[in-house]
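Comments concern the structure below.
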Amino acid sequence: MTDNNDNTTAETDGGTGIVAPDDETPTWSERKARKTGLSRLTYEYFERSRREDQDLRTESDYVERDVLGFPTWPHETVRNLSIASFFVGMIFFLSATLPPHIGPPANPSSTPAIILPDWYLYWSFGLLKLSPVNPELSILGGQKLMADRTYGVLANVVVVGFIAMVPFLNKGSARRPVEQPFWAAVGVGGVVFAFTISVLAVQNLVPMNIDLLFDLTFLLPIVAGIVTYAVLKTMREGYMYDLNRRYYRLRPPR
Amino acid sequence: MSLERKDDYDHNAWLQEKDLSPVETTFLTALIWMDKRLRIVDYLEILESLYYRVNLQMPKSHTEQYNLDNKFWYWYPLYTLGLFSTLSYIVAAVSGALLGFYYSPATTGDPTTAYTQIEFIMTELQFGFFLRSLHRWSAQVMVAAVFLHMLRVYFTGSYKEPRELNWILGIILISLTMGFGYTGYLLPWDQLAFWAGQIGVEMALSVPLIGEWAAQLVFGGFTLSQATLQRMYILHVFLLPFIVTTLIAIHIGIVWVQGIAEPH
Ligand code: HEM
C-alpha cells in the first residue's frame, strides 16, 4: 500500500484499500459551497429561513401547559366518527325516502318545454340569460360587441375569476365579518346573487313579471349587501372594543 | 490471547449480574437473540415514539392563548363541512363504482342502451333503485357541502395568507365537482340529459376562437351522438375521479401542514 495508513487502527476495508464514502449528510453550508447560481441561492435561502424559524421560536412567548386540550383518542376520534356516521346516515335516509325518477328517453326531434341542468348549475345557466345587459355600442351602430351566448360564457369566467382573486384583494389578519363589514357585505351580496341568478335561470317557472324578476336579480343582492354593511358597522364599535382589548394588544394587526 | 470474541456489550454478563427471574431471563435472551439478527430495537423505538406522539396533547389553542374566554365560537360547527364534502365524495365513489357494474354508455337501440340500463337498474336489479338514489343524493349533498364549505371559508376569512393557494385549489375543486355533476347528469340519456347536453355544446361553441375545438374535444362533435355520451362517461368515471381524488388529497394535505385557521 502506498498511502501511509496508520497500522494501529483496525482494518475495516478487508485490506482492499477501498473505503466506503462516509455517510454523513452534508450540511446546508457544505452543499452551498459546492454550488453556483440558482441552486446556491436556494441553499442560502433555506439557511436563512431556518435561521428565521429558529429566531422566531426562541422569541416566542408561547406558554406550554400541563393539560392541553382534548386528547385525539378517544375524544376527537369518537366525536368525528359519530359525526361521520350521522352524516352518511342522513344521505342514506334521503336516498331511501326521496329517490330520483327518470324522464322519457332522449328524443332529438322534440324539444321539451323545460330544459334545466341540476340545481347547482342554475347560476351558470342564469348567467347565460343576461342578454338585456349586454351593452349595445353606438360606435358599432347599436350592435352588440359579442353574441349573447358568448357574453354569458364570459360572465361565468368573470364570476369564477373574481372569486379566485379574493385572497389577493382582501389581505390582513382580520377574520370576523364585524372587523371588515365591506367584505362581509360583498359575501352576502354574492350569496344572494347566486340565489337570484338561479331563480332567473328558471324564469319560466316563476310566476312573476319577467322584467321585474330581472331587476330584482340585481337589486336584491345590492340591498342585502347594504343591509349587511349597515348592521355590521353598527355592531362593530362595541364588538371591536372587546376584541382590541383582548386580542390586538397581544397580536397587533399587520 | 483468547480466540473467544470479546463483546463490548457483554449482554450475558449483564444478564448474570441482574439476578433475574426465569421468565425475565427467557424474555431478555430471546429479545437479544432476535435483536442481534433483526435490529428490533430500532423498530421498538419507533413504536415507542409513535405511542408518545399519538398521546401527544394539543398545544394551547389560539383562543386560550389570547384569553378569548373559551367563548364558544359560533361558527365551529361549520368547520365540519370540509369533512362532509369528503364523506359524500366517498359515498358517491362507492355507489358509483357499483352502478358502473350495470351501466353501459351506448346510444344504440330505441330507447338507447344507456337508458334501458338505467331502467334495468331501477326496476330489476336488487337494491338498484336505492343504489341510484344513493348516488344521486350523495352527489347533490356533496355540491351543497362544498358550496357551504366555501362560504364558511369566506366568512371566517380563512383564505388569507398563507392559505391563498388552497382557496384557488378549492375553486378548481368546486368547478370539477360541478363538472362531475354535469357529466353524470348526461349519462341516463333521457330528455333532460339530452337537452342539457345540447346547451353544453352550444356554450362550448360560443367560446371565442377555441369554441369549435372545445366542442369537439369535450362533446365529440357539434351535435349529440354516441361520441358525446362516451366522452361524458370517460370524464365521469375515469378522468375526473383521478384528478379530483388527487386534488382533494393535496387540499387536505395543505390543511394538515398549515393547520386550520383559527378565528380571532
Ligand atoms: C371537493 C371539495 C372540497 C373538499 C373535499 C374540501 C375539504 C376540506 C377540508 C376537509 C378542510 C379542513 C377544514 C374544514 O373542514 O373546514 C378544508 C379546508 C379548506 N378549504 Fe376545502 N374542500 C373542498 C373545496 C373547497 C373550496 C370550494 C374552497 C374555496 C374556494 C376551499 C377552501 C379551503 C380553505 C381555504 C381551507 C383552509 C381553511 C382553514 O384553514 O380554516 N375548499 N377543505
* Asked: Any residue at all in region B:72-80 that is farther than 27 Å from B:M150 by Cα, at the interface with chain A (Cβ under 10 Å from one of its Cβ atoms) and modelled with pLDDT under 90?
  -> no
* Please specify each residue of region A:196-205 satisfying the condition of being surrounded by 14 or more Cβ atoms within 10 Å (Cβ to Cβ) and farther than 16 Å from A:A155 by Cα. => A:V199, A:V202, A:Q203
* Filtered residue count, region A:88-120, keeping only those that are more than 21 Å from B:M122 (Cα to Cα) and either at pLDDT 90 or above or of a type in the set (F, W, Y) (or both) -> 5
* Asked: When region A:134-152 is examined, which residues are found to be modelled with pLDDT under 70 and either part of a loop (DSSP other than H, G, I, E, B) or over 17 Å from B:P208 (Cα atoms) (or both)?
  -> A:P135, A:E136, A:L137, A:S138, A:I139, A:L140, A:G141, A:G142, A:Q143, A:L145
* Asked: In the set B:V257, B:V201, which member is surrounded by 15 or more Cβ atoms within 10 Å (Cβ to Cβ) and either assigned by TED's automatic domain parsing to the domain that holds B:I172 or within 16 Å of the ligand (Cβ to nearest atom) (or both)?
  -> B:V201
* Among the residues of region B:214-253, count how many are touching a Lys or Arg at 6+ places or on another chain (Cβ under 8 Å) and within 11 Å of the ligand (Cβ to nearest atom). => 0
* If you take the residues in region B:122-173 that are at the interface with chain A (Cβ under 7 Å from one of its Cβ atoms), more than 30 Å from B:P188 (Cβ to Cβ) and in a helix (DSSP H, G or I), which one is nearest to the ligand (Cβ to nearest atom)? -> B:W167
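Please tell me if B:S85 is under 17 Å from B:V237 (Cα atoms), surrounded by 17 or more Cβ atoms within 10 Å (Cβ to Cβ) and either within 10 Å of the ligand (Cβ to nearest atom) or in contact (Cβ under 8 Å) with a residue 12 or more places away in the chain (or both).
Taking the combined requirement at face value, the residue does not satisfy it.
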* Structure fact -> The number of residues in region B:81-112 that are in a helix (DSSP H, G or I), of a type in the set (G, A, S), within 13 Å of chain A (Cβ to nearest Cβ) and farther than 17 Å from B:L176 by Cβ is 1
* Structure fact -> B:Y182 fails exactly one of (1) more than 25 Å from A:S109 (Cα to Cα); (2) at pLDDT 90 or above; (3) within 16 Å of the ligand (Cβ to nearest atom), namely (1)
* When only residues in region B:199-209 that are farther than 11 Å from A:P117 by Cα and either in a helix (DSSP H, G or I) or more than 7 Å from chain A (Cβ to nearest Cβ) (or both) count, which is farthest from the chain's Cα centre (by Cα)? -> B:L209
* Does region A:158-177 hold any residues that are assigned to a helix (DSSP H, G or I) and exposed (fewer than 15 other Cβ atoms within 10 Å of the Cβ), and which are they? -> A:V158, A:G161, A:F162, A:M165, A:F168, A:L169
* **Condition met for B:S175 (in contact with a Lys or Arg (Cβ under 8 Å, 6 or more places away or on another chain), closer than 30 Å to A:K171 by Cβ and of a type in the set (G, A, S))** => no
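The values are calculated or read from the model by the stated rules, or taken from the named source; none is laboratory data. None of these values were measured; they are calculated from a predicted model. Don't worry about glycine lacking a Cβ; one is built from the backbone with ideal geometry, like all the others, and counts go over all protein chains shown.
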